[in-house]
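The values are calculated or read from the model by the stated rules, or taken from the named source; none is laboratory data. From a predicted model like this one, the values you see are computed outputs, not experimental measurements. All Cβ positions, even for glycine, are placed from backbone atoms using ideal geometry, and neighbour counts span all protein chains on display.
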Amino acid sequence: MGQGTGRLSLDQAVDAFLHHIGVERGLSPNTVDAYGLDLRCLCDGLALAGVRSIDAVQPRQLTAFLREQATSGRSARTQARRWSAVRGLFRYLRREGLCATDPTQGIRLPKTGRKLPDLLSHAEVDALIDAPGVDSPLGLRDTAALEFMYASGCRVSELVDLKLEQLHLDQELVLLSGKGKKQRLVPLGVGARERLVQWIDVARPALLRAPSAPWVFVNRYGGKLSRQGWFLRLRKHALAAGITRDVSPHVLRHSFATHLLEGGADLRAVQTLLGHQDISTTEVYTHVGQQHLRQSYRRHHPRAD
């Protein structure tokens, strides 16, 4: 038998925590799935060490888990996310009285430099939005979706989950539902509004099988557009636009935020538009903006070199 005879097995503990964040805290299914994968990595590592119950987990085993994550080539972001999942698990268990101690206390991730977000230039954004064309229903859909993402700064989940009832195009507004089902009103530009109207009124009906379908962006069969399907379409259009580096929906979101700040937008306003709960999450874009200023200074100041 493995080490420890605690009341709760590792699997039971993880199941209880995932139920808590999914049902009681209302986190999205994608977030719950990500936490589940991260905690499964922890359980697999602990099982190899003979640990199968929560009360048997010791700080040294968690430190070994962190070390293994770092030496196996995981990115700093992945390491931080996995450690956040582990800390969340044990804090929940301790608060509920399901474990005697919290073995994560006193353990800290090694500090790493924060990676600046990948960005598209203004010209690249224009080329990307132009790439799908407007000569077919799918082209109109993708053009409208790209305009919408860059105009609103939405997450990919907010794009594919978007329903017609959330659009208020007469006011150039959209009601987005983000992490934890928190809602926010975001303005839309004239270009995004016009493409959405064109897609909804002209092209979308040609793809629908059920007229009552609620989703704004549907696939070629009239069903809900999937995250994976949109990732593939976006990468195709990026290549067509001559953008050879990897372009994801999050790159568009980063570009939206950075271009706003470069144009003089207030950081608090950008925080609200992105739906960030903590402004420290938004502050990374100020570093991107400072980098842009330095590059601009070096290009244009006569004595910069």
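Within the range 8-28, identify whether any single residue is surrounded by 14 or more Cβ atoms within 10 Å (Cβ to Cβ), among the aromatic types (Phe, Trp, Tyr) and under 25 Å from Val156 (Cα atoms), and answer yes or no.
Checked against the condition, which is being surrounded by 14 or more Cβ atoms within 10 Å (Cβ to Cβ), among the aromatic types (Phe, Trp, Tyr) and under 25 Å from Val156 (Cα atoms), the range 8-28 yields no hits at all.
Which helices (runs of 4 or more DSSP H) does the range 117-187 wholly contain that include 2 or more residues that are among the polar types (S, T, N, Q) and surrounded by 18 or more Cβ atoms within 10 Å (Cβ to Cβ)? So that I can check it myself, show each step before the final result.
Working: elements: 122-130, 137-152, 156-160.
The helices (runs of 4 or more DSSP H) meeting that bar are 137-152.
Kindly indicate which of Ser72, Ser9 is among the small types (Gly, Ala, Ser) and touching a residue at least 12 places away in the same chain (Cβ under 8 Å). Let's see the steps before the verdict.
Numbers: Ser72 fails: touching a residue at least 12 places away in the same chain (Cβ under 8 Å).
Exactly one of Ser72, Ser9 is among the small types (Gly, Ala, Ser) and touching a residue at least 12 places away in the same chain (Cβ under 8 Å), namely Ser9.
Just to verify a result, which residue in the range 237-263, among those that are surrounded by fewer than 14 Cβ atoms within 10 Å (Cβ to Cβ) and touching a residue at least 60 places away in the same chain (Cβ under 8 Å), is farthest from the chain's Cα centre (by Cα)? Even if it seems obvious, please write down each step before you answer.
Just the residues of the range 237-263 that are surrounded by fewer than 14 Cβ atoms within 10 Å (Cβ to Cβ), to begin with: 239, 242, 244-246, 250, 263.
Now restrict to residues that are touching a residue at least 60 places away in the same chain (Cβ under 8 Å): 242, 245-246, 250.
Numbers: Gly242: 25, Arg245: 19, Asp246: 16, His250: 6 Å.
Ranking the candidates gives Gly242 first.
Looking at the range 65-99 only, could you name the residues that are among the aliphatic types (A, V, I, L, M) and either under 19 Å from His19 (Cα atoms) or modelled with pLDDT of 90 or more (or both)? Steps first, answer last, please.
Kept after step one, since they are among the aliphatic types (A, V, I, L, M), are these residues of the range 65-99: 66, 70, 76, 80, 85-86, 89, 93, 98.
Within the range 65-99, Ala85, Val86, Leu89, Leu93, Leu98 qualify.
Only one of Gly45, Gly36 is touching a Phe, Trp or Tyr at 6+ places or on another chain (Cβ under 6 Å) and either assigned to a helix (DSSP H, G or I) or exposed (fewer than 12 other Cβ atoms within 10 Å of the Cβ) (or both). Can you tell me which? Can you show your working first?
Working: Gly36 fails: touching a Phe, Trp or Tyr at 6+ places or on another chain (Cβ under 6 Å).
When all the criteria are applied, what remains is Gly45.
Being assigned to a helix (DSSP H, G or I), hydrophobic (A, V, I, L, M, F, W, C) and out of contact with any helix residue (DSSP H, G or I) (no Cβ under 9 Å at 6 or more places or on another chain) is the requirement here; does Ala80 meet it? Even if it seems obvious, please write down each step before you answer.
Values: assigned to a helix (DSSP H, G or I): yes; hydrophobic (A, V, I, L, M, F, W, C): yes; out of contact with any helix residue (DSSP H, G or I) (no Cβ under 9 Å at 6 or more places or on another chain): yes.
When the stated conditions are applied, Ala80 passes them.
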